[in-house]
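Structure, as structure tokens:
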Amino acid sequence: MYSLNKGIIENSLIKLKSLDWFIISLMLILSAISLIVLSSLDTGDKNLVEKHFLRIVFSFIVFLIVASVNIKTWYKFSYFFYAFVILLLILVDFYGLVGKGAKRWLDIGIFNLQPSELMKIAVIMALARYYQYVKTDEIDKIRNLVIPISLIIIPFVLVIKQPDLGTALFILLVAISILWLTGLNLKIFTFGTLSLLILAPLSISFLKPYQKQRILTFLNPESDPTGAGYHVIQSKIAIGSGGFFGKGYMEGSQSNLSFLPEPHTDFIFTAFAEQFGLFGSIILLFLFLLLIYRIDVISKLSRSTFGRLLCFGVSFNFFAYIAINIGMVTGLLPVVGVPIPIMSYGGTAMLTSMFALGLVTSAKIHKDQNIY
Amino acid sequence: MEYFSPKVRKGIESKSKTISRRGFVLSIAKAGFFGIILSRLVYLQLFKSKEFKQLSDRNRYREIKEVPERGTIYDFKQRVIASNNQVYQLSIFPKEIKNLNEFFYSLRNYINFDVLEINKFKKEIYRHKKTKKYQAYIIDKKLSWKTIAKINYNLSDIPHVQPLVSYERTYSFPEEFSHIIGYVAEPNKKELKKISQDLLYVPNLKIGKNGIEKRFENKIIGSPGKSVIEIDAYGKQLKQVSFNEGIKGNNFYSTLDSDLQVYAKKVLGNDSGSVIVMSTKGEIRCCVSSPSFDANLFTYGISNFEFKKYLKNEKKPLSNKSLSSLYPPGSTLKMLVAISALENNIVNKNFKIRCTESTEYFGQKYHCWKEKGHGVVNMKKAIKESCDIYFYEVARLLGVDRLYETALRFGLGKYVLENFIEEKKGVFPNTKWKKKYVGQPWYLGETIIAGIGQGYIQTTPIQLCKMIAQIANGGYQIKPSFNSNNQFLLGEKIIQNDEHLKLIQESLNVATNEWRGTSYRSRLKSGLKYCGKTGTSQVRKITQEQRDLNIKNKDLPWKFRDHSLFTGYGPVSNPEYAISVIIDHGGSGSSKAAPISKKIMQKVFELYYQKEKNV
């Protein structure tokens with residue numbers, strides 16, 4: 001008994017030592033920054049800071065648990081998790097909460113869960129698991145494409161039905177990045193891109209009017225300055241007026257006087273950039289870049305294909321979040337409702353990010369684990 | 001390695017290599033995209049930052065300019081002619097308002113609007129939004145102090161509004177002074193381009209459109225108050241950031257006398273014409289044009305109906321006849337012809353001529369106004385009885401170019417005032433002028449009729465008044481003005497020989513105060529005396545046929561009747577005030593203009609010489 005206990009403690013200590021402190025410290029710094037920005041936006045009646053703090057704590061515990069579980073277990077658990085999220089997506093269709101003209105959320109008591117957010121990770125896990133055993137020279141064969149394409153199409157269709165074009169495209173993008181990493185023949189990508197281009201005009205006719213409007217206003221936001229283009233115009237004004245050193249903490253007139261809509265969720269980067277300027281934005285970008293770089297490093301340490309693909313997938317996932325969010329708030333991309341990881345106020349996004357980082361850390365702790 | 005598996009499946013090694021290789025390509029793509037984001041941030045936050053800062057301030061701050069109080073205009077006894085009323089109004093900020101219906105609905109808790117009014121304002125606001133998006137719009141409704149206080153108290157609950165105190169120009173004598181004081185109204189596009197920077201975007205700004213209001217605009221207008229208020233996205237006021245009180249424009253102390261002005265207007269009655277009285281140093285005491293209009297109507301936008309009524313009136317109430325109507329001076333030019341001839345030594349005072357009814361030059365007949373002629377006339381008699389034949393001959397001897405030189409020195413054909421937009425220059429012709437503007441050589445016949453102030457000569461009433469004032473003051477040039485801050489000093493002497501001056505002054509005296517003088521019937525019988533010269537200027541050519549039929553002036557349609565003129569000064573013994581009266585189509589000078597002058601000169605003596613009646 002004693003020796004067994006001792007073994008468990010020793011084992012735990014080893015695990016604690018091999019936790020990735022680099023990622024953890026970045027995570028904590030970013031969380032702190034997000035709390036600082038949120039407190040500058042908090043008008044007192046919403047308790048944004050407290051709620052966000054609780055979510056950070058909760059997600060951090062989830063992170064630790066996920067990190068301590070063997071990567072092999074996660075490997076075995078992948079399909080099940082994927083199936084579970086698919087089930088949630090179907091449930092959303094029936095029991096989902098309606099907001100902003102779409103059914104996206106499930107009420108699970110503590111907070112409203114957005115299964116499409118979880119799917120961003122689930123699809124990475126499922127694909128990584130599938131490619132664990134596909135041999136390099138057999139990857140391009142049609143029979144080896146059927147399952148991964150199904151794995152992508154099912155959630156894509158479910159999410160687009162909500163309707164949530166942004167998230168659906170996001171899932172597609174992340175999934176394609178995995179296919180790319182596996183070494184899929186370039187010809188298949190070319191073929192895929194071409195067929196998408198042909199399908200695109202067709203699919204536009206299936207878009208909801210508000211989605212069409214968003215694309216139109218993206219192309220020319222000034223065409224409708226009080227309506228759909230308002231977000232982007234105000235966001236650009238906020239970021240631009242920040243200048244090099246920013247307007248100062250709590251001095252962001254655009255975000256503090258409500259000219260900027262939703263400054264605590266999708267537009268939190270704007271609120272940050274207005275207050276801390278280009279100087280702050282560069283530091284923040286650098287922190288995110290470090291995080292992505294670190295995940296890439298861990299990916300290369302990983303012995304198993306599953307671990308590698310999973311980490312690369314998560315790193316790309318993070319990149320996509322940041323790139324699309326900042327691209328969107330600076331007017332480079334249309335407003336598609338993609339949050340910025342860790343910083344944006346939102347339960348599921350926070351949970352998904354921490355869960356994903358947990359998986360990466362697990363892959364690091366068990367980097368030498370082979371998966372049979 | 002303890003986890004090392006001996007059974008490495010084929011392809012695993014190469015697989016991880018593939019992943020790393022492709023991962024590297026992906027990293028390059030990521031770095032590329034981060035580069036794009038970074039440059040976008042640099043673009044927005046460094047290069048465009050100034051522009052966006054402006055936009056952000058425009059979101060955040062509401063800048064309100066307040067109409068400055070215009071300077072008060074006084075007459076020379078410091079009585080108010082033009083002042084300002086305080087009005088309470090509400091300015092609203094159209095760029096902040098998303099739903100006008102809701103806005104007016106909520107505003108109805110404080111102000112009583114009827115549906116028609118709301119529709120009118122809504123229409124105007126839509127128009128306002130197109131052109132002046134960032135400016136406040138003033139609701140054109142005068143509010144009570146109580147309403148304003150109520151709104152002020154609840155200001156944090158009423159978005160998009162700002163109460164303001166504004167000033168409305170009012171005129172104490174809206175009809176009497178309307179031409180010379182002018183009126184104020186909203187600036188048009190052309191005027192907005194010229195307006196000074198700080199007056200730009202002042203809501204409801206009214207600027208001087210003509211008269212003294214326009215001429216001295218820069219001094220009178222003042223500078224606007226400005227406050228900056230911080231608001232949030234819902235248009236609610238948070239705090240006042242800065243406040244500069246407006247500065248009232250400088251008061252304008254005019255030389256005008258409201259007693260005299262009001263009296264002159266009354267005397268003119270329904271006649272179309274003008275009266276000008278100035279001191280012989282150039283202080284303009286009275287400058288009336290008749291008929292007149294109500295200047296107060298223009299302050300807040302005259303109705304189309306009223307405006308058209310003014311425009312259609314054949315007596316032209318909107319034009320300032322004193323400064324802008326042009327008349328041939330007629331016989332009032334005769335003393336100038338005499339001065340020119342005497343000064344140029346063409347004739348001396350004993351030059352005599354025999355006046356029969358008419359005379360002939362180059363086969364053309366020239367008539368005297370008196371049917372049987374004046375008999376033998378010398379210069380004094382010629383002026384006194386206004387003999388035309390005498391001045392035909394003098395003009396012939398003098399020549400138009402010499403007459404022109406003299407007229408120019410007396411200010412004919414030149415602006416009397418500085419920068420008065422409505423003033424006209426008139427014409428005093430000479431041979432060169434005719435060649436240039438008419439394109440024909442000068443005919444001697446034209447010189448002859450120039451001797452009695454007909455032909456191409458066009459003068460304004462104020463020019464004639466200045467001319468006679470310069471004869472009255474001893475032959476010195478003056479600079480007439482409405483601004484009592486000017487120094488009214490006598491200028492260059494333009495009648496060199498005092499004997500000539502004496503002769504002319506004496507001739508004018510007998511023209512009024514001696515039997516057979518043209519204005520003898522209009523003389524002042526007791527007390528101070530005045531004197532002057534009548535004039536009757538034709539607006540049509542009298543044909544021989546008409547002369548034979550002996551058509552009377554009053555039988556003609558109004559438009560073809562002669563203008564009636566009188567220029568004079570008083571008191572005779574020590575001339576201090578000059579007068580010119582012109583009645584459009586009023587008939588002969590002695591029948592219409594002279595009696596009016598008599599009344600006004602009497603008033604002048606009453607007003608300024610009360611204590612020393614026996615001078």
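The values are calculated or read from the model by the stated rules, or taken from the named source; none is laboratory data. Everything numeric in this text was worked out from a predicted model, so none of it was measured. Every residue, glycine among them, receives a Cβ derived from its backbone with ideal geometry; neighbour counts consider all protein chains shown. With ligands, DNA and RNA removed, areas are computed over all heavy atoms of the protein, side chains included. Shrake-Rupley method; radii C 1.70, N 1.55, O 1.52, S 1.80 Å.
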* Structure fact -> Selection from the stretch B:128-151 of residues open to solvent by 80 Å² or more (accessible area, probe 1.4 Å) and farther than 21 Å from residue B:95 by Cα yields B:142, B:145, B:146, B:150
* Selection from the stretch A:261-313 of residues that are open to solvent by less than 10 Å² (accessible area, probe 1.4 Å) and in a loop (DSSP other than H, G, I, E, B) -> A:267, A:302, A:304
* Structure fact -> If we keep only residues of the stretch B:559-588 that are within 28 Å of the chain's Cα centre (by Cα) and either hydrophobic (A, V, I, L, M, F, W, C) or assigned to a helix (DSSP H, G or I) (or both), then the residue nearest to residue B:330 (Cα to Cα) is B:565
* **In the stretch B:282-307, the residues that are in a loop (DSSP other than H, G, I, E, B), under 29 Å from residue B:561 (Cβ atoms) and free of Cβ contacts under 8 Å to residues at least 60 places away in the same chain** => B:291
* What's the number of the condition residue A:118 fails, among (1) in contact (Cβ under 8 Å) with a residue 40 or more places away in the chain; (2) open to solvent by 10 Å² or more (accessible area, probe 1.4 Å); (3) farther than 24 Å from residue A:318 by Cβ? -> (3)
* Unique residue being open to solvent by less than 10 Å² (accessible area, probe 1.4 Å), within 14 Å of chain A (Cβ to nearest Cβ) and over 20 Å from residue B:320 (Cβ atoms) when the list is B:249, B:235 -> B:235
* Residue ID - farthest from residue B:570 (Cα to Cα), chosen from residues in the stretch B:451-477 that are buried (at least 21 other Cβ atoms within 10 Å of the Cβ) and without any contact (Cβ under 8 Å) to a residue 60 or more places away in the chain -> B:463
* If residue B:424 satisfies every condition in (1) modelled with pLDDT under 95; (2) buried (at least 16 other Cβ atoms within 10 Å of the Cβ); (3) within 22 Å of residue B:339 (Cβ to Cβ) but one, which is the exception? -> (3)
* Asked: Does the stretch B:109-119 include one or more residues that are part of a helix (DSSP H, G or I), surrounded by 14 or more Cβ atoms within 10 Å (Cβ to Cβ) and either more than 32 Å from the chain's Cα centre (by Cα) or not basic (Lys, Arg) (or both)?
  -> yes
* Asked: Could you list, in sequence order, the residues of the stretch B:244-268 that are among the charged types (D, E, K, R) and touching a Leu at 6+ places or on another chain (Cβ under 8 Å)?
  -> B:257, B:259
* Collect the residues in the stretch A:317-349 that are within 9 Å of the chain's Cα centre (by Cα) and open to solvent by 10 Å² or more (accessible area, probe 1.4 Å), keeping them in residue-number order. => A:319, A:339, A:349
* Flag if residue B:578 is in contact with a Cys (Cβ under 8 Å, 6 or more places away or on another chain) and open to solvent by less than 10 Å² (accessible area, probe 1.4 Å) -> yes
* Inter-residue pairs, beta-carbon under 8 Å, first on the phi > 0 side of the Ramachandran plot and in the stretch A:232-243, second open to solvent by less than 10 Å² (accessible area, probe 1.4 Å) and assigned to a helix (DSSP H, G or I), 6+ apart -> A:243/A:277; A:243/A:278; A:243/B:45
* Say whether the condition of being more than 9 Å from chain B (Cβ to nearest Cβ) and within 16 Å of the chain's Cα centre (by Cα) is met by at least one residue in the stretch A:273-283. => no
* Structure fact -> When every residue in the stretch A:59-76 that is in contact with a helix residue (DSSP H, G or I) (Cβ under 8 Å, 6 or more places away or on another chain) and open to solvent by 20 Å² or more (accessible area, probe 1.4 Å) is compared, the one farthest from residue A:24 (Cα to Cα) is A:74
* Those residues of the stretch B:167-193 which are without any contact (Cβ under 8 Å) to a residue 24 or more places away in the chain and touching a strand residue (DSSP E or B) at 6+ places or on another chain (Cβ under 6 Å), in sequence order -> B:187
* Matching residues, the stretch B:41-71, being open to solvent by less than 30 Å² (accessible area, probe 1.4 Å) and either part of a loop (DSSP other than H, G, I, E, B) or over 12 Å from residue B:231 (Cα atoms) (or both) -> B:41, B:44, B:45, B:49, B:52, B:64, B:65, B:67, B:68, B:70, B:71
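This table checks each residue for (1) of a type in the set (D, E, K, R); (2) open to solvent by 10 Å² or more (accessible area, probe 1.4 Å).
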residue	(1), (2)
B:549	no, yes
B:553	no, yes
B:556	no, yes
B:567	no, no
B:573	no, yes
B:582	no, no
B:590	no, yes
B:598	yes, yes
* Asked: Looking at the stretch B:334-344, is at least one residue modelled with pLDDT of 90 or more and surrounded by fewer than 22 Cβ atoms within 10 Å (Cβ to Cβ)?
  -> yes
* Structure fact -> Counting only residues in the stretch B:16-40 that are at the interface with chain A (Cβ under 9 Å from one of its Cβ atoms) and of a type in the set (S, T, N, Q), the one surrounded by the most Cβ atoms within 10 Å (Cβ to Cβ) is identified as B:16
* To do: Determine, yes or no, whether residue A:305 is more than 21 Å from residue A:123 (Cβ to Cβ), hydroxyl-bearing (Ser, Thr, Tyr) and within 14 Å of chain B (Cβ to nearest Cβ).
  => no
* Structure fact -> Exactly one of A:135, A:141, A:103, A:161 is more than 19 Å from residue A:351 (Cβ to Cβ), touching a residue at least 60 places away in the same chain (Cβ under 8 Å) and open to solvent by 10 Å² or more (accessible area, probe 1.4 Å), and that residue is A:161
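So that you can scan it fast, the table gives a plain yes or no per residue for (1) assigned to a helix (DSSP H, G or I); (2) in contact with a Phe, Trp or Tyr (Cβ under 6 Å, 6 or more places away or on another chain); (3) farther than 30 Å from residue B:219 by Cα; (4) open to solvent by less than 20 Å² (accessible area, probe 1.4 Å):
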| site | (1), (2), (3), (4) |
| --- | --- |
| B:436 | yes, no, yes, no |
| B:448 | yes, yes, yes, yes |
| B:495 | no, no, yes, yes |
| B:509 | yes, no, yes, no |
| B:518 | no, no, yes, no |
| B:521 | yes, no, yes, no |
| B:525 | no, no, yes, no |
| B:529 | no, no, yes, no |
| B:533 | no, no, yes, yes |
* When you look at residue B:480, is it under 24 Å from residue B:257 (Cα atoms) and either at pLDDT below 90 or crowded, with 22+ Cβ neighbours inside 10 Å (or both), yes or no? -> yes
* Run residue A:93 past the list (1) more than 27 Å from residue A:357 (Cβ to Cβ); (2) in a helix (DSSP H, G or I); (3) within 14 Å of chain B (Cβ to nearest Cβ) and report the number of the one that doesn't hold. => (3)
* To do: Could you please give the count of residues in the stretch B:41-62 that are in contact with a Ser or Thr (Cβ under 7 Å, 6 or more places away or on another chain) and more than 7 Å from chain A (Cβ to nearest Cβ)?
  => 0
